[in-house]
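Accompanying notes for the structure given below.
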Amino acid sequence: MSQPGPVIAVSIGDQAFVAQALRQAGLFPIIETDWPEACAAAVELDPAAVVMAAQDAPADALESLALLLADRQPYVPLIGIDFSADTLPENVIPFSKLGGHPERLVARLNSSLRVRSLHATLMRRLPGSQQMPSPNGETTRDASVLLIGRGATHPELSVALGEEMGVVGALSIEAAAKHLNTREINGIVLGDGFTERVTDAFLTVLSEDARFRNLPVIVASYHLASSYQLPNLEIVSGSAARVAAYALPLIRQNAFEVRLGRMLQSIEADGLLDPRTGLLTWEAFERDLTRAIRDALAQGSALSVTRFTFEAERTRVDGARILSRLMRKTDFGASCPDDLSILAVFTETEARAAQGIARRLASVMRHTTYRGQELQTGPDVATAALLPADTVDALLSRLRQGVRRAAS
């Protein structure tokens with residue numbers, strides 16, 4: 001895979017075979033340097049990525065290099081080999097257990113370089129007045145990790161991960177598969193409670209499905225052969241905090257990649273889509289709803305609107321993304337600008353049928369999500385059907401009244 005710019009390999013030393021593996025994979029040029037010259041090389045060469053080894057890495061040089069590359073445009077992947085993840089700056093992607101499989105590093109680097117290419121594409125297409133996203137910090141607030149497990153460490157992992165992002169819990173592999181097919185997941189943490197055979201089968205299925213192959217996958221406490229075609233797989237043993245430290249940078253990178261993809265979709269849709277959720281912007285929603293009501297009244301067809309109301313902004317965003325994935329092509333929705341609700345319009349749908357659809361959607365949205373130790377519940381749901389004399393304001397006003405009655 002070619003890349004616009006060199007890859008800098010920092011302080012490789014006796015791990016020089018890593019640079020050789022990168023060259024054999026077609027990554028060119030590879031520039032080797034040591035820690036005292038790392039920052040100067042990054043400034044002078046404008047690298048596409050930096051790969052650094054823990055060997056002889058001074059803490060101040062690591063911090064300086066990470067700070068230098070943190071806000072580069074486009075994104076510059078910074079991969080740290082065999083570092084302790086809980087001591088790394090937040091923009092460093094940890095990579096462990098290199099052993100005799102340097103091809104794993106090549107796969108990890110190529111996966112990160114795809115994110116850089118996506119970022120560069122967005123920079124070319126994004127109008128100058130719009131803000132360019134950053135891979136750090138704010139991308140994690142909307143990220144969701146799928147935590148699979150039923151052993152003693154499950155509660156601790158829920159809390160450790162939930163301090164930083166949304167957590168979707170699954171007690172079985174079957175439940176996890178349902179979440180993967182219906183929800184937007186930015187990473188998977190596989191805890192204890194499963195046999196090695198079950199874990200191996202699950203990882204094999206993930207590696208064979210292109211939808212999930214590039215997801216970050218953190219396997220806690222298992223000693224498995226690293227032969228899966230999963231570029232962002234890490235096998236981590238230790239405390240829940242240590243597992244979370246390895247998971248977070250990879251999940252942050254995936255959340256950033258997904259956000260870039262949504263922003264490109266929004267540009268292709270002439271700005272009609274909200275890049276945070278994939279639903280319509282509020283202005284586009286109001287315009288489409290006015291047109292849908294006019295057409296429905298003229299044709300004598302049915303139309304129903306459902307309001308999903310959530311307890312927190314994080315769960316509203318999560319619900320909106322679920323809705324954008326599951327609703328029919330003929331339906332549309334948007335997040336309300338003035339409260340914690342999302343609206344979904346079901347065209348050619350009577351009230352009873354719309355209520356059934358809404359219940360099924362709410363059931364998917366009603367998941368085990370933690371923010372710290374706080375358990376979130378599913379949304380309140382209200383549905384209103386179009387009446388012959390309705391306007392947009394009348395229909396939405398009746399829907400708001402239905403929400404208040406449902407909450408009382």
Taking only C-alpha positions in the chain, Rg and Dmax in angstrom work out to 23.6, 79
Checking rank on 327-334, 391-398, 108-115, with mean other Cβ inside 10 Å and highest first, the result is 108-115, 327-334, 391-398
Answer in debye to the nearest 20: the dipole magnitude of segment 137-268 about its Cα centre, from +1 Lys/Arg and -1 Asp/Glu charges placed on Cβ, is 100
In debye to the nearest 20, the charge dipole size for the chain, taken about the Cα centre with +1 at each Lys and Arg Cβ and -1 at each Asp and Glu Cβ, equals 1600
Exposure-ranked with fewest Cβ neighbours within 10 Å first, ASP209, ASP288, ASP142 stand as ASP209, ASP288, ASP142
GNM on the chain, Cα springs under 10 Å; top mean-square fluctuation among ALA385, ALA220, ALA40 goes to ALA40
Taking 243-252, 75-84 and ranking on average Cβ neighbours within 10 Å, highest first, one gets 243-252, 75-84
Unit-weight point scatterers at every alpha-carbon of segment 312-367, Debye formula, q = 0.18, 0.20, 0.29 1/Å: log10 I(q)/I(0) is -0.59, -0.73, -1.32
The farthest towards the positive end of the charge dipole of the chain, of the residues PRO74, ILE267, PRO89, given +1 on Cβ of Lys and Arg and -1 on Cβ of Asp and Glu, is ILE267
Only helices counted: for the chain, with every DSSP H run of 4 or more residues adding -39500 (n - 2.57) and the sum spread over all residues, [θ] at 222 nm is -14000 deg cm²/dmol
Quarter of the surface of the C-alpha convex hull for segment 276-359, i.e. direction-averaged projected area in nm², equals 5.3
Going from the fewest other Cβ atoms within 10 Å to the most, one would list VAL106, VAL305 as VAL106, VAL305
The answer for the chain, counting only DSSP H helices whose Cα atoms cover 15 angstrom or more along the axis and whose Kyte-Doolittle average is -0.5 or greater, is 59-70, 102-125, 196-208, 240-268, 351-365, 392-407
For GLU163, GLU234, ascending order of other Cβ atoms within 10 Å (fewest first) is GLU163, GLU234
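Each reported figure results from applying straightforward, stated rules to the coordinates on display, with no laboratory input. Fair warning: this is a prediction, and the values are worked out from it, not measured in the lab. Glycine gets a Cβ as well: all are built from the backbone with ideal geometry, and neighbour counts include every protein chain shown.
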